[in-house]
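Written out below as structure tokens is the structure these notes cover.
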Amino acid sequence: MSDFKLSFMTLEDTIYNLHLDVLRRLLQGQDYKSIANEFSSRFEETDYDTIARKGLLSFNSNNKLIGAYPVSPVPTEYTVEIDGIGKGYSMCAIDALGIAYTFNARTTIHSVDHATREPITLEVNPHGSIPEREIFVTYIKSDDPACDPAVDQCPSLNFYTSMSHIQDPESYLIMDLKEASQHAKTVFGEEGIRELIRLSLTTDTYFGLSDRLIDVFETQK
């Protein structure tokens, strides 16, 4: 193996492990600035902030963190309790399902039917089978290269307990719980996050997590 390939693989591993540590801190309620300060030497060594902004993290116009996939730094209707990690929030239904595979840990999701507000509790065991539940997840594709998934896609990725609760269903790609869980694992499991890191390392400009979501949803449906 060449020195370049070895160093690239080492950098990927280092960023992957750092990103998981950042996600853990966010779930525990720590803000991004304090995380950056705590991990300042690791951020500088890997240029993490620059790399992560290409697709792993989203910031608003005031440079405030609004998404750290699959973790939400602010309260949402997707509360997650992750064994051995803690309790926090996910960005959307797919992220909530995927976070169990991000940390490879049993996760309990507390959410609601987006239309009726009926409470939903789901337990996701990354080492077990997908629960047999009458639950559906909606998704809207975006072809806009400037799409920010935290703003433009997450609001459409919701849970429903019945197909009849979905208004204007022809506007969505609709998945059952098994399909949604498989997509969530593909995007937010270890290999999915590593793919995002590889894209970030090999792409000079912002490639957008939405590109990755479209690849998964559109090619696997």
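The values are calculated or read from the model by the stated rules, or taken from the named source; none is laboratory data. Quick caveat: nothing in here was measured; it's all calculated off a predicted structure. The area values use the complete protein model at the heavy-atom level, side chains included, leaving out ligands, DNA and RNA. Shrake-Rupley method; radii C 1.70, N 1.55, O 1.52, S 1.80 Å.
Stretching the chain fully between residue 47 and residue 134 yields a gain of 27.0 nm (0.36 nm per residue, less the alpha carbon separation). For the range 1-96, the square roots a ≥ b ≥ c of the C-alpha gyration tensor eigenvalues yield an a/c of 1.5 or more together with a/b exceeding b/c, which makes the shape prolate.
Amide hydrogen proximity for residue 72: with H placed 1.01 Å from N in the peptide plane, the residues at 5 or more positions away or on another chain lying under 5 Å are 89, 90, 91.
Computed 3J(HN,Hα) for the range 81-92, one whole-Hz value per residue from the Karplus formula 6.51 cos²θ - 1.76 cosθ + 1.60 where θ = phi - 60°, is 10, 10, 4, x, 10, x, 10, x, 9, 10, 6, 6, glycine and proline marked x.
Potential lengthening of the chain between residue 125 and residue 178 amounts to 17.8 nm, from the contour at 0.36 nm per residue minus the alpha-carbon distance. Couplings 3J(HN,Hα) for the range 109-116, derived from phi with the Karplus relation 6.51 cos²θ - 1.76 cosθ + 1.60 (θ = phi - 60°), are 9, 10, 8, 9, 5, 4, 8, 9 Hz, where x marks Gly and Pro.
Surface composition of the range 1-126: carbon and sulfur make up 48 percent of the accessible area, probe 1.4 Å. Sequentially through the range 181-195, phi angles give Karplus couplings (6.51, -1.76, 1.60; θ = phi - 60°) of 5, 5, 5, 4, 5, 4, 7, 10, x, 4, 5, x, 5, 4, 5 Hz, Gly and Pro residues having no value and appearing as x. Taking all protein chains as shown and a probe of 1.4 angstrom, residue 87 keeps an accessible surface of around 130 Å².
Rolling a 1.4 Å probe over the heavy atoms of the protein chains gives the range 77-130 an accessible area of 39 Å² per residue.
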